[in-house]
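S.K.: This is the structure I have questions about; it appears just below.
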Amino acid sequence: MTLLALAVGGRGLVDPGKPVLHADDEAFLRGRAAFETIRVYGGRPFRLDDHLERLAASAERLGLPQVDLVAFRGIAREALDASGERDAVLRLYVTPGREGGSYPTALAMVSTLPHDLDERRARGLRMISVQLGIEPGVRADAPWLLGGVKSTSYAVNMAVELEAQRRNADDAVFLANGRIVLEGPVTNVWWRRGRDLFTPALELGILAGVTRATLLESVAELGYRAHEGMYPVEELAGAEEAFTSSSIREVMPVVELDGAPLGDGRPGTAAAELQGALRRAATG
Ligand SMILES: Cc1ncc(COP(=O)(O)O)c(C=O)c1O
């Protein structure tokens, strides 16, 4: 991805090649900041309201001052217009600002889309399962674990992506103790048996994906039943097909889990149908 345009709260458009944060911003010092990643279709950020709502909720859980959503809309629009790109990645960040101060920084950045998404969708992803080492229900009762918060403390998620590459795979799924399926490092996870679709419940402390919510709205009209719950990884491994969902990657088929073929080892029909429904919702 290449950064095309950058706008900063209170300043407006700035040169994307110039630094904008202080060295003692807590976003950098301690990974304490909230962010959102949004796909832009034909110049329109998809479900911007939902992303802004989640950004405000994440910021609140991180103890940041209330997010000025009107200002965020403004800098998002400025960055989008300046980028000249109709199909792009829009990222919003709110940082606490300088240590000891109380001036949060709001950033809106527009970047190019990753170039290989359709090729990966056609091929399907090889996935590994990795332990997160927590009890499945613990995050619901432990707000300090920041379950469901989209914070910039993503080093673990990125380390897992590297581990997947090291094991010759493309993506990963986190498991709680008891081998309960949670989510991917940057995606929600789904699988299918017959006309039944399964995805882990939000009560497990996973991120409430905006794409996940969009897909749940489309499931019934495509003739599927959706189930949200607490499922062991064996359910995923024995599924007829599996896929992930996220704003930028959209619906990505999974064709292998821990080195074994998933279903018939090819991208599945529900993934293709839901990808179609997502695109219709985003561009219709
Ligand atoms: C941990 C995690 N789960 C799920 C998702 C998918 O969320 P969304 O569909 O809102 O992009 C993301 C997206 O970045 C994520 O980081």
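S.K.: Note down the Stokes-Einstein diffusion coefficient of region 1-99 in µm²/s, whole number, using a Kirkwood radius over alpha carbon pairs, 20 °C, and 1.002 mPa s.
M.R.: 153 µm²/s
S.K.: Another question, if that's okay. Please compute, for the alpha-carbon atoms of region 89-161, the extent along each of the three principal axes and give them in descending order in Å.
M.R.: The Cα atoms of region 89-161 stretch 49, 37, 19 Å along the principal axes, largest first.
S.K.: On a full-extension model of 0.36 nm per residue, what is the gain between E203 and E53, subtracting their alpha-carbon distance, rounded to one decimal in nm?
M.R.: 52.1 nm
S.K.: At 7 Å along Cα-to-Cβ for each site, give me the label-to-label distance between M1 and V20 in nm.
M.R.: Reported label-point gap for M1 and V20 is 1.4 nm.
S.K.: Which chymotrypsin sites (Phe, Trp or Tyr not before Pro) does region 119-210 hold that lie in a coil by DSSP with at most 16 other beta carbons within 10 Å?
M.R.: Hits after loop and neighbour filter: Y154.
S.K.: Quote the FRET efficiency, to the nearest 0.05, computed for A237 versus M158 with a Förster distance R0 of 41 Å and r equal to the Cβ-Cβ distance.
M.R.: Numbers: r = 25 Å, r/R0 = 0.61.
Given R0 = 41 Å and the Cβ-Cβ separation, E is 0.95.
S.K.: For region 2-63, which GluC sites (Glu not before Pro) are both in a DSSP coil and crowded by at most 15 other Cβ atoms within 10 Å?
M.R.: For GluC sites (Glu not before Pro) across region 2-63 that sit outside H, G, I, E and B with at most 15 neighbouring Cβ atoms in 10 Å, the list is empty.
S.K.: For the pair E135 and D68, what calculated FRET efficiency results from E = 1/(1 + (r/R0)^6), where r is the Cβ-Cβ distance and R0 = 41 Å, to the nearest 0.05?
M.R.: In this case the efficiency is close to 0.65.
S.K.: So, one more: Can you tell me the alpha carbon radius of gyration of the chain divided by the globular rule-of-thumb value 2.2 N^0.38 Å?
M.R.: 1.00
S.K.: What per residue convex hull volume, in Å³, do the alpha-carbon atoms of region 226-284 yield? Let's see the in-between values first.
M.R.: On the way: hull volume 5.7 nm³, N = 59.
Roughly 96 Å³ of hull volume per residue.
S.K.: Moving to a separate point now. Would you mind calculating the gained length between E119 and H227 on full extension (0.36 nm times residue separation, minus the Cα-Cα distance), in nm to one decimal? Let's see the in-between values first.
M.R.: Values: separation 108, 0.36 × 108 = 38.88 nm, distance 2.92 nm.
Once the chain is fully extended between E119 and H227, it gains 36.0 nm.
S.K.: Can I ask one more? Run lengths n ≥ 4 of DSSP H only: what is the helix-derived mean residue ellipticity at 222 nm for the chain, with -39500 (n - 2.57) per run over all residues, to the nearest 500? Each step should come with its number before you reach the end.
M.R.: Working: 8 runs with 83 residues, N = 284.
When only DSSP H runs of four or more count, the value is -8500 deg cm²/dmol.
S.K.: What Kirkwood hydrodynamic radius do you get for region 171-284 when you take the inverse of the mean 1/r over all pairs of distinct Cα atoms, in Å? Walk me through the numbers on the way to the answer.
M.R.: Numbers: mean 1/r = 0.0721 Å⁻¹.
Every distinct Cα pair counted, the radius reaches 13.9 Å.
S.K.: Just the number, please: percent antiparallel of the DSSP beta bridges in the chain, rounded to the nearest 5.
M.R.: The answer is about 75 percent antiparallel.
S.K.: Taking the Cβ of each residue in T112, T2, T37 as the centre, tally the other Cβ atoms inside 10 Å and list the residues starting with the fewest.
M.R.: Going from sparsest to densest Cβ surroundings: T2, T112, T37.
S.K.: Scan region 62-135 for trypsin sites (Lys or Arg not before Pro) in coil per DSSP, keeping those whose Cβ has at most 16 other Cβ atoms within 10 Å, and list them by number.
M.R.: In loop regions of region 62-135 (DSSP not H, G, I, E or B), the sparsely surrounded trypsin sites (Lys or Arg not before Pro) are R86.
S.K.: Rounded to the nearest 5, what % of the DSSP beta bridges within region 127-284 are antiparallel ones? Mind dumping the intermediate values first?
M.R.: Details: 18 of 29 bridges.
Roughly 60 percent of the DSSP beta bridges within region 127-284 come out antiparallel.
S.K.: Within region 156-228, what percent of beta bridges assigned by DSSP are antiparallel, to the nearest 5? Provide the component values of the computation, followed by the final result.
M.R.: Numbers: 5 of 9 bridges.
Here the share of antiparallel DSSP bridges comes out near 55 percent.
S.K.: What FRET efficiency, computed as 1/(1 + (r/R0)^6) with R0 = 30 Å and r the Cβ-Cβ distance, is obtained for A142 and R11, rounded to the nearest 0.05?
M.R.: Details: r = 37 Å, r/R0 = 1.25.
The value I calculate is 0.20.
Bear in mind that the values in this text are calculations on the coordinates, not laboratory data. Owing to the predicted nature of the structure, the values given are computational and were not obtained by experimental measurement. As a convention, Cβ positions derive from the backbone with ideal geometry for all residues, glycine included, and neighbour counts pool all protein chains shown.
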